[in-house]
1. Considering every residue within the range 62-69, establish whether at least one is at pLDDT 90 or above, over 21 Å from residue 32 (Cα atoms), part of a helix (DSSP H, G or I) and of a type outside the set (A, V, I, L, M).
2. Filter the range 1-26 for residues that are under 14 Å from the mean Cα position of the chain (by Cα) and among the hydroxyl-bearing types (Ser, Thr, Tyr) and give the result.
3. Just the residues that are outside any helix (DSSP H, G or I) and either closer than 13 Å to residue 78 by Cα or touching a residue at least 24 places away in the same chain (Cβ under 8 Å) (or both), please, taken from the range 94-112.
4. Take the residues in the range 33-85 that are β-branched (Val, Ile, Thr) and buried (at least 20 other Cβ atoms within 10 Å of the Cβ), then tell me which one is farthest from residue 15 (Cα to Cα).
5. Can you confirm whether residue 99 is closer than 18 Å to residue 49 by Cα, among the aliphatic types (A, V, I, L, M) and either touching a strand residue (DSSP E or B) at 6+ places or on another chain (Cβ under 9 Å) or surrounded by fewer than 17 Cβ atoms within 10 Å (Cβ to Cβ) (or both)?
6. Can you give me the number of residues within the range 35-61 that are outside any helix (DSSP H, G or I), touching a helix residue (DSSP H, G or I) at 6+ places or on another chain (Cβ under 9 Å), over 18 Å from residue 96 (Cα atoms) and not acidic (Asp, Glu)?
7. Within the range 63-77, is there a residue that is more than 14 Å from residue 113 (Cα to Cα) and in contact with a Ser or Thr (Cβ under 6 Å, 6 or more places away or on another chain)?
8. Here is a check on your reading of the model: is residue 75 charged (D, E, K, R) and not in a helix (DSSP H, G or I)?
Amino acid sequence: MQKKILIVEDEESLLKLESILLTTKGYLVQGVTSGLAALEAIDEEAPDLVLLDVMLPKMDGFEVCSRIKQNPATKHIPVILLTAKKTPEDLARGQEVGADSYVTKPFKSAMVMETIEALLNG
């Protein structure tokens, strides 16, 4: 059974890159470019994991993560926050909203894959 990963990334090139990387690893990938689209996609069909960019238009990744984790129907879904923000405040905010992991950009694909596999098979 293929695991489904939802990628939320507003930068098209990065979204394509992440999608290709995960598809070649055997994951079923759905990509969206906004927080609102992410929440809609999760409502329609819950993924096994969410790879979530923090810097998104209108609703940021912190807010999206918070909504996923506050909803009893989706709070079990692991969320990995991907961000260029590296301050202790940002990391603390990531923990506050319930992110399962926090990966800072630029990141190495191998590290992201390890994190995904650990959360999905952990």
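The values are calculated or read from the model by the stated rules, or taken from the named source; none is laboratory data. The shown structure was predicted, so the numbers you read here are calculated from the model rather than taken from an experiment. As a convention, Cβ positions derive from the backbone with ideal geometry for all residues, glycine included, and neighbour counts pool all protein chains shown.
1. Initially, the range 62-69 is screened for residues at pLDDT 90 or above, giving 62-69.
Still in the running and over 21 Å from residue 32 (Cα atoms): none.
No: zero hits.
2. Across the range 1-26, the qualifying residue is only 19.
3. The initial filter retains those residues of the range 94-112 that are outside any helix (DSSP H, G or I), namely 97-108.
97, 98, 99, 100, 101, 102, 107 - these are the residues of the range 94-112 that are outside any helix (DSSP H, G or I) and either closer than 13 Å to residue 78 by Cα or touching a residue at least 24 places away in the same chain (Cβ under 8 Å) (or both).
4. Keep residues of the range 33-85 that are β-branched (Val, Ile, Thr), which gives 33, 42, 50, 54, 64, 68, 74, 77, 79-80, 83.
Next, only the ones that are buried (at least 20 other Cβ atoms within 10 Å of the Cβ) stay: 42, 50, 54, 64, 68, 79-80, 83.
Details: 42: 17, 50: 13, 54: 13, 64: 17, 68: 20, 79: 16, 80: 15, 83: 13 Å.
Out of the qualifying residues, it is 68.
5. Values: closer than 18 Å to residue 49 by Cα: yes; among the aliphatic types (A, V, I, L, M): yes; either touching a strand residue (DSSP E or B) at 6+ places or on another chain (Cβ under 9 Å) or surrounded by fewer than 17 Cβ atoms within 10 Å (Cβ to Cβ) (or both): yes.
Yes.
6. If we filter the range 35-61 for residues that are outside any helix (DSSP H, G or I), which is where we start, we get 45-60.
Now drop any that are not touching a helix residue (DSSP H, G or I) at 6+ places or on another chain (Cβ under 9 Å), which leaves 47-60.
Subsequent filtering for residues that are over 18 Å from residue 96 (Cα atoms) retains 47-49, 56-58.
Next, only the ones that are not acidic (Asp, Glu) stay: 47, 49, 56-58.
Of the residues in the range 35-61, 5 are outside any helix (DSSP H, G or I), touching a helix residue (DSSP H, G or I) at 6+ places or on another chain (Cβ under 9 Å), over 18 Å from residue 96 (Cα atoms) and not acidic (Asp, Glu).
7. Just the residues of the range 63-77 that are more than 14 Å from residue 113 (Cα to Cα), to begin with: 63-77.
Keeping just the survivors that are in contact with a Ser or Thr (Cβ under 6 Å, 6 or more places away or on another chain) gives 68.
Looking for residues that are more than 14 Å from residue 113 (Cα to Cα) and in contact with a Ser or Thr (Cβ under 6 Å, 6 or more places away or on another chain), one finds at least one in the range 63-77, hence yes.
8. On the way: charged (D, E, K, R): yes; not in a helix (DSSP H, G or I): yes.
It is true that residue 75 is charged (D, E, K, R) and not in a helix (DSSP H, G or I).
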